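Undergrad: Here it is, the structure in full.
Derivation of every value follows stated rules applied to the coordinates shown; laboratory data play no part. Quick caveat, the model's predicted, so the values are computed rather than measured. All Cβ positions, glycine included, derive from the backbone under ideal geometry; neighbour counts span all protein chains shown.
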Amino acid sequence: MAGESRELRFAFFGDSICTGQGVSLHRTWAARLAARIEAELASQGRKVCVLNPSVNGETTRRALERMAFDIQGSGVDAILIQFGLNDANRWESDRGLPRVSEAAFAANLHELIARARAFGAGPVLLNTNHPTTRDQIPFAHYAATYEDGNRRYSDIIRRVAAEACEVILTDIADVFARTVSPGRPLASLLLADGLHLSQEGHDVYLEALTPPVLAAARAAARLAG
């Protein structure tokens, strides 16, 4: 039909926190937020395809290798990026080295943002990561815990968001810090592994991300004309 607006594309690009590992698909924050994006833009007469080419266990290094197909192939109008929990991990087989070094992690995030923008993304949202309960036992070859690394990599995410032009920082770590209380312990927001989100954790993500993500969707619609 002449004059009909084209379908928009909004991508969630991340790791198991975006796929919702360990939780029923329809109960994940990503699935429920996708429905909210569709409803928001439908009220403006716009169609949107919400993509989630996220992969369990993914690092920024591997994400860059997939980006040509998953993001650049058809382009996106907006994107939410969340990595770091795997980048910060230190496998025993790596003798204390992180899967992705801090310097490489920062550079990879900058490149993910640049590539998304080169292929159409107007709004770019960058999530920090929630805290974990893996804060007691240090790595086998490194005198720090997993949670120590998680905090450091979230700091890098904040720095990259500040350095990159007009990136929307969604500080999930700060949201969890304000959510956790004696009556609502961190463990209740996580699965038994102390890392992945429980149903209640997905609820926290959903409510925290809905306002900035819907604002980004509306902005993408305006930019698309």
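Undergrad: For segment 8-218, count the residues as N, evaluate 2.2 N^0.38 Å, and divide the Cα radius of gyration by that value, please. Don't skip to the end; give the middle numbers.
TA: On the way: Rg = 16.6 Å, N = 211, 2.2 N^0.38 = 16.8 Å.
Its radius of gyration relative to the 2.2 N^0.38 Å reference: 0.99.
Undergrad: Next question, about the same structure. Using only the alpha-carbon atoms of segment 141-225 as identical scatterers, what base-10 log of I(q)/I(0) does the Debye formula give at q = 0.19, 0.23 Å⁻¹?
TA: Result of the Debye calculation: -1.03, -1.22.
Undergrad: Treating only the Cβ of Lys, Arg, Asp and Glu as charged (+1, +1, -1, -1), what charge dipole size does the chain show about its Cα centre? Round to the nearest 20 debye.
TA: On the way: 24 positive and 26 negative charges, 73 e Å.
Dipole of the chain, to the nearest 20 debye: 360 debye.
Undergrad: Which value in deg cm²/dmol, rounded to the nearest 500, describes the helix-derived mean residue ellipticity at 222 nm for the chain, given -39,500 (n - 2.57) per DSSP H run of n ≥ 4 and division by the residue count? Intermediate values should be presented prior to the final figure.
TA: Details: 7 runs with 95 residues, N = 225.
So the calculated ellipticity at 222 nm is -13500 deg cm²/dmol.
Undergrad: For every other residue with a beta carbon closer than 15 angstrom to the beta carbon of Glu4, add +1 if it is Lys or Arg and -1 if Asp or Glu, then tell me the sum.
TA: Working: positive: Arg6, Arg46, Lys47; negative: Glu7.
Summing Lys and Arg as +1 and Asp and Glu as -1 gives +2.
Undergrad: Kindly state, as a whole number, the per residue volume in cubic angstrom of the convex hull around the alpha carbon atoms of segment 84-208. Working shown, then result.
TA: Details: hull volume 14.8 nm³, N = 125.
Taking the convex hull of the Cα positions in segment 84-208, it is 118 Å³ per residue.
Undergrad: Also, quick follow-up: What ranking do 63-73, 77-87 get when scored by the average of other Cβ atoms within 10 Å per residue, highest first? Please list the in-between numbers first.
TA: Numbers: 63-73: 15.7, 77-87: 26.0.
Highest to lowest by the protection proxy: 77-87, 63-73.
Undergrad: Let me ask something else about it. Once you have the Cα-Cα distance between Ala39 and His141, take 0.36 nm times their residue separation minus that, and quote the gain in nm to one decimal. Let's see the in-between values first.
TA: Numbers: separation 102, 0.36 × 102 = 36.72 nm, distance 4.90 nm.
Fully extending the segment from Ala39 to His141 adds 31.8 nm.
Undergrad: Something else about it: Mean shadow of segment 1-122, computed from the convex hull of its alpha carbons, in nm²? Walk me through the intermediate numbers first.
TA: Details: hull surface 35.3 nm².
About 8.8 nm², averaged over all directions.
Undergrad: Among DSSP bridges having both ends in the chain, what percentage is antiparallel? Round to the nearest 5. Show your work: numbers first, answer last.
TA: Details: 4 of 20 bridges.
Of those bridges, close to 20 percent are antiparallel.
Undergrad: Given points 7 Å out from each Cα along the Cα-Cβ axis, report the Trp91 to Ser181 separation in nanometres with one decimal.
TA: 4.2
Undergrad: Something else now. Quickly work out the Glu207-to-Leu64 label distance, labels modelled 7 Å from Cα along the C-beta direction, and quote it in nm with one decimal.
TA: Result: 3.8 nm between the two label points.
Undergrad: If you take the Cα Rg of segment 69-110 and divide it by 2.2 N^0.38 Å, with N the number of residues, what do you get?
TA: Normalised Rg, Cα atoms only: 1.50.
Undergrad: Counting only other residues whose beta carbon sits under 11 Å from that of Gly120, what net charge do I get with K and R as +1, D and E as -1? Write out the running numbers ahead of the final one.
TA: Details: positive: Arg9, Arg115, Arg117; negative: Asp77.
Overall, the nearby charge balance is +2.
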